[in-house]
Structure formats: C-alpha cells, structure tokens
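Asks: There's a structure below that I have some questions on.
Where a number appears in this text, it was derived from the coordinates with a stated rule and is not lab data. Since we're looking at a predicted model, the values are computed, not measured. Note that we place each Cβ from the backbone using ideal geometry, even for glycine, and neighbour counts take in every protein chain shown.
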Amino acid sequence: MEHFFDCPYCGQQISMILDLSVRRQIYIEDCEVCCKPIEVDCSVEDGEIAAFRAKTLE
C-alpha cells in the first residue's frame, strides 16, 4: 500500500510502499526529495495501518 506523509527533514510530501501483511515494521529509508535517512515505524491491524511514525535519525 502506498502511504503519503511529510518528510521530517524537508517537509515535502513523499510516499513509501508499506507491506500490510507484516504487523510491525521498523526500518530506515531515504527521503526521495532530500535523500536524508528516515526511520519508519509502522503497525498494522486487520490489514490497515494502525500507527505510523517517521522520524529523523539526527
């Protein structure tokens, strides 16, 4: 599923593809605009995003 959110560094709206078959995911992916690393923390319940957080690593 494509999920849209604002980059915690540059503030631009970006998107990431989330795997809703995994209940909890924590990983690092670079912003497609400013290329800085974002820590993504996502929880899924009943096939839908229950919680999503994107934070800086600095």
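Asks: How charged is the neighbourhood of residue 17? Take every other residue with its Cβ under 10 Å from the Cβ of residue 17, and add Lys/Arg as +1 and Asp/Glu as -1.
Replies: Charge balance near residue 17 sits at -3.
Asks: If you take every residue apart from residue 38 with its C-beta less than 15 Å away from the C-beta of residue 38, what net charge results, scoring Lys and Arg +1 and Asp and Glu -1?
Replies: The answer is -4.
Asks: Once the other residues with Cβ under 15 Å from the Cβ of residue 5 are scored (Lys, Arg +1; Asp, Glu -1), what is the net sum?
Replies: With Lys, Arg at +1 and Asp, Glu at -1, the neighbours total -4.
Asks: For the chain, just the Cα set please: Rg and Dmax, both in angstrom.
Replies: 11.1, 33
Asks: Something else about it: Check which residues have an amide H placed less than 5 Å from residue 31's amide H, if you skip close sequence neighbours.
Replies: Those lying under 5 Å, H to H, from residue 31 are 36, 38.
Asks: I need 32, 39, 48 ordered by Cβ neighbour count within 10 Å, fewest first.
Replies: Ascending Cβ contact count within 10 Å gives the list 48, 32, 39.
Asks: Between residue 43 and residue 25, what length comes free when the chain is fully extended (0.36 nm per residue of separation minus the Cα-Cα distance, one decimal in nm)?
Replies: 5.8 nm
Asks: Once amide H atoms are placed 1.01 Å from N in the peptide plane, what residues at a sequence separation of 5 or more from residue 18, or on another chain, have their amide H within under 5 Å of its amide H?
Replies: It is 2, 3, by chain and number.
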